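Below is one structure, written out as structure tokens; comments come after it.
The values are calculated or read from the model by the stated rules, or taken from the named source; none is laboratory data. Bear in mind that the values here come from a model prediction, so they are computed numbers and not experimental data. Positions of Cβ are backbone-derived with ideal geometry, glycine not excepted, and every protein chain shown enters the neighbour counts. Please note that ligands, DNA and RNA were not included when accessible areas were found on the heavy atoms of the full protein model with its side chains. Shrake-Rupley method; radii C 1.70, N 1.55, O 1.52, S 1.80 Å.
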Amino acid sequence: MFDQIGFPLLITLKIAGLSTLIVAITGMVISYILARRDFVGKWLVDILVTLPLVLPPTVTGYLLVVLLGKKGMLGSILYNLTGWTIVFTWQAAVIAAFVVSLPLMVKTTTAAIEAVDREYEYAAFTLGRKELDTALFITLPLAKKGILAGIVLSFARAVGEFGATLMFAGNIPGRTNTMSISIYSAFQAGNSELANMLVIILILMSLLSMAITAKIINNWKI
Amino acid sequence: MGIKADFRRRYFRKKSDKKKGIEPLFILDAQFEVGDELAVFFGRSGTGKTTALQCISGLLEPNGGKIIVNGTVYFDCHKRINLPVQQRSLGYVFQNYALFPHMDVKKNIAYGLKGWDENEKEERIKEMLQMLEIEGLGENYPSQLSGGQKQRVALARALAPKPDILLLDEPFSALDRVVRMKLREKIKDIQRELKIPVLFITHNHVEAFTIADKIVVFHDGRVQQIGTPEDVFYHPRNSHVAELVGVTNIFEDSVVVKDDEMAGTIKLSCEDMEVTAKRPEFKIKDKLSWGIRPENLRILPATDDSACEENTFRACVKSMVNKGSSKVLALEVKEKSNYLIAELGNQSFENMDLKAEDDCLVRIERDRIVLF
């Protein structure tokens with residue numbers, strides 16, 4: 001029972017949780033820069049970050065293998081140095097989830113930061129506060145609704161991630177069989193009882209996370 | 001001590017216009033000196049007042065020139081000095097207050113006091129709340145405050161770190177008349193107490209003249225005149241300034257047809273209308289511009305026997321607007337194709353019983369003519 005339901009649930013929460021944490025932090029940094037800075041090649045950064053949103057997840061997964069696989073451009077260096085490859089590990093699933101959910105975080109958060117009136121930041125500057133200080137205590141708190149929306153979307157995307165994970169992390173029971181992948185396997189094997197059970201758990205999880213988010217946002221005055 | 005400024009800032013429609021050498025859309029060319037006094041930047045919208053203030057604060061970088069405040073160089077194009085905003089020691093009050101909505105009043109005020117000792121910080125916040133008479137509002141959030149209260153908090157926040165200068169960008173434009181009057185007095189009191197240069201932007205001429213020690217008039221990106229309120233009000237230097245200070249009837253480039261030094265008068269001819277004015281103190285050129293405020297035109301009944309007296313013309317009432325305590329009349333000067341705007345107190349208006357298309361006499365008060 002644990003192998004069939006418990007493990008996929010825990011590994012999914014672990015992968016989605018960790019990837020969302022990384023997505024949230026890098027997403028806020030990238031979004032702030034995109035929203036508030038002008039630099040050469042800004043459009044390129046924007047495109048690169050957004051690309052996984054429009055690419056089929058299998059393509060993203062394939063590109064990850066090409067880049068980070070045992071014989072990949074970066075992966076081969078890592079393999080030669082340590083004798084370890086990331087492919088078919090839970091860490092690979094985290095990277096896959098990170099890549100596909102980052103655009104959702106960046107798009108939502110950039111829009112939220114752009115919507116913050118720059119006058120608040122100017123006011124903070126005239127009060128002697130540096131840009132980092134202002135970003136942490138004024139800009140990001142004022143954009144918190146959009147940031148939370150980005151985090152929720154990223155988490156949901158990470159939980160539901162299938163294509164890139166399958167390509168990059170595989171479907172190894174007891175290692176990388178996440179909920180989404182387990183549902184597919186159960187369905188393929190004709191085990192509809194297990195598939196139903198996993199589907200119900202996923203739906204309940206989604207409802208719960210949406211309810212919690214709504215509750216948090218309701219309690220925020222600004 | 002005070003502010004010495006002489007700087008320029010250019011605005012282009014597109015960034016690439018600058019490289020292509022296309023003429024800028026707007027050029028601000030500001031030169032002024034302000035001591036430890038309350039100086040008003042006065043002018044219409046879009047004349048460069050806010051841009052000038054932002055250049056002084058460091059929120060915008062000028063393209064050339066120098067800004068020195070209390071002996072500290074804030075900006076010097078030649079020496080490539082551009083002190084960051086954070087190091088300029090200034091208080092800035094924004095038009096829309098810009099109070100941080102996620103912080104209560106005390107936290108808003110404390111935000112500029114980073115690095116202060118906790119006790120000193122507490123003391124300073126209390127002092128500021130008292131100074132602006134908002135003691136009871138410390139725990140409130142900006143959304144729970146009225147417009148006037150928000151403005152007081154914004155002032156308290158700007159003044160808390162003991163700035164060297166205070167900059168106010170149309171601070172009262174969204175407030176009602178009574179609150180505005182009270183806050184004007186407050187600003188004057190604060191300036192007198194702190195004795196620092198205060199720059200105050202407004203496009204409201206009543207506000208400018210009631211609050212200012214010095215007025216800096218902006219038009220089309222340039223400083224047109226600097227002087228005391230009386231100076232600017234009674235002796236506007238050109239037609240732009242004259243119009244801003246309420247001289248509605250302006251006649252530019254009138255020919256001086258007679259200069260009577262003995263009588264101390266000059267005669268001006270403009271679009272076949274001849275008027276006599278008091279001889280000005282400045283050197284007279286061949287052509288002068290002149291103007292008269294609406295309230296300095298006298299309206300007499302058409303039957304009055306002073307029709308042929310100096311500066312008196314036959315006119316026809318074209319339209320009337322009620323201003324509450326007075327009426328504004330548009331008059332067409334007969335046989336001269338000139339229009340004049342006159343303002344008449346309600347009492348005299350009722351005595352005359354004027355209606356549209358009625359004839360009357362209009363006299364341009366000789367001693368009230370403004371020459372520039």
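Just a few scattered comments:
- Positive minus negative residues near A:ALA97 (Lys, Arg vs Asp, Glu; Cβ under 12 Å): +1
- If you take the Cα centroid of region B:73-131 and the Cα centroid of region B:179-223, the two points sit 21 Å apart.
- Per residue, the average separation of C-alpha pairs within less than 8 Å and at least 6 apart gives chain B a relative contact order of 15 percent.
- What a 1.4 Å probe finds exposed on region B:257-372 is 45% carbon and sulfur by accessible area, rounded to a whole percent.
- Note that region B:294-364 carries a Kirkwood radius of 11.9 Å, evaluated over its alpha carbons pair by pair.
- For chain B, Kirkwood radius (reciprocal of mean inverse C-alpha pair distance, Å): 23.7 Å
- Computed in the context of the full set of protein chains, the accessible area of region B:3-234 at 1.4 Å probe radius has 46% of its extent on carbon or sulfur.
- Gyration tensor analysis over the Cα atoms of the protein assembly as shown returns equivalent ellipsoid semi-axes of 70, 26, 25 Å (largest first, whole Å).
- Per-residue HN-Hα couplings for region B:57-73 [Karplus 6.51, -1.76, 1.60; θ = phi - 60°; Hz; x = Gly/Pro]: 6, x, 6, 10, 9, x, 8, x, x, 9, 9, 10, 10, 6, x, 8, 6
- Pairs of alpha carbons in region B:246-291 whose separation is greater than 17 Å (percent): 26 percent
- Electrostatic dipole magnitude of chain A [Cβ: Lys, Arg +1; Asp, Glu -1; Cα centre; debye, to 20]: 180 debye
- Cα→Cβ-extended label distance, 7 Å offset, between B:ASN96 and B:GLN347, nm: 4.7 nm
- Residues in the protein assembly as shown average 51 Å² of solvent-accessible surface per residue, probe 1.4 Å, ligands and nucleic acids excluded.
- Distance between the pseudo-spin-label points of A:ILE25 and B:ILE22 (7 Å out from Cα toward the beta carbon): 4.5 nm.
- Restriction of the GluC sites (Glu not before Pro) in region B:267-311 to DSSP coil positions whose beta-carbon has at most 13 other beta-carbons within 10 angstrom yields B:GLU271, B:GLU281, B:GLU309, B:GLU310.
- This model, with +1 at the C-beta of Lys and Arg and -1 at the C-beta of Asp and Glu, gives region A:96-222 a dipole about its Cα centre of some 160 debye.
- Note on chain B: GNM, Cα springs under 10 Å; of B:SER325, B:SER45, B:SER173, the largest mean-square fluctuation is that of B:SER325.
- Sum of -39500 (n - 2.57) over DSSP H runs of 4+, divided by residues of chain A (222 nm, nearest 500): -24000 deg cm²/dmol
- The accessible-area ordering, largest first, of the residues B:HIS240, B:HIS235, B:HIS102 stands as B:HIS235, B:HIS240, B:HIS102, per a 1.4 angstrom probe.
- Three-way shape label, region B:68-185, alpha-carbon gyration tensor, a/c 1.5: oblate
- Scanning chain B for trypsin sites (Lys or Arg not before Pro) lying in DSSP loops with no more than 16 further Cβ atoms inside 10 Å, the longest uninterrupted stretch between such sites is B:115-194.
- Contact order for region B:294-364, expressed relative to its length and based on alpha carbon pairs under 8 Å spaced 6+ residues apart, stands at 46 percent.
- Residues B:GLU135 and B:ARG8, FRET efficiency given R0 of 56 Å [Cβ-Cβ distance, rounded to 0.05]: 0.80
- Association of chains B and A removes close to 1900 square angstrom of accessible area from solvent, both sides included, for a probe radius of 1.4 Å.
- Couplings for region B:178-183, taken from phi via the Karplus curve 6.51 cos²θ - 1.76 cosθ + 1.60 with θ = phi - 60°, read 5, 4, 4, 4, 5, 5 Hz in order; Gly and Pro are left as x.
- Put simply, the C-alpha atoms of region B:314-354 give a gyration tensor, and the ellipsoid matching it has half-axes of 20, 10, 7 Å, longest first.
- Equivalent ellipsoid semi-axes, region A:2-215, via Cα gyration tensor eigenvalues times 5, rooted, Å: 35, 23, 13
- Taken residue by residue and averaged, Cβ atoms of other chains lying within 10 Å of the Cβ of B:80-90 number 3.
- With θ taken as phi - 60° and the Karplus curve 6.51 cos²θ - 1.76 cosθ + 1.60 applied, the whole-hertz 3J(HN,Hα) list for region B:316-331 is 10, 6, 9, 7, 9, 10, 8, 10, x, 7, 8, 10, 9, 10, 9, 10 Hz, x standing for glycine and proline.
- Our analysis of region B:146-196 gives Rg over Rh at 0.95, with the two radii drawn from alpha carbon positions and Rh computed by the Kirkwood formula.
- For residues of A:125-138, the mean tally of beta carbons on other chains within 10 Å: 6
- Shielding by partners, peptide B:99-111 (average Cβ within 10 angstrom, other chains): 3
- Computed over chain A with a Gaussian network model linking Cα atoms closer than 10 Å, the most mobile of A:SER101, A:SER76, A:SER180 is A:SER76.
- Lysines with Cα under 18 Å of B:LYS49, excluding same-chain neighbours fewer than 8 positions away: B:LYS4, B:LYS66, B:LYS214
- The Cα atoms of region B:88-147 give a gyration tensor whose axes a ≥ b ≥ c have a/c of 1.5 or more with a/b no greater than b/c, which makes the shape oblate.
- Figure legend: label point modelled 7 angstrom from the Cα of B:CYS77 along Cα→Cβ; residues of region B:20-56 with amide N under 13 Å from it are B:27-31.
- Tensor-based shape of region B:5-88 (alpha-carbon gyration tensor, a/c under 1.5 rounded, otherwise prolate or oblate): oblate
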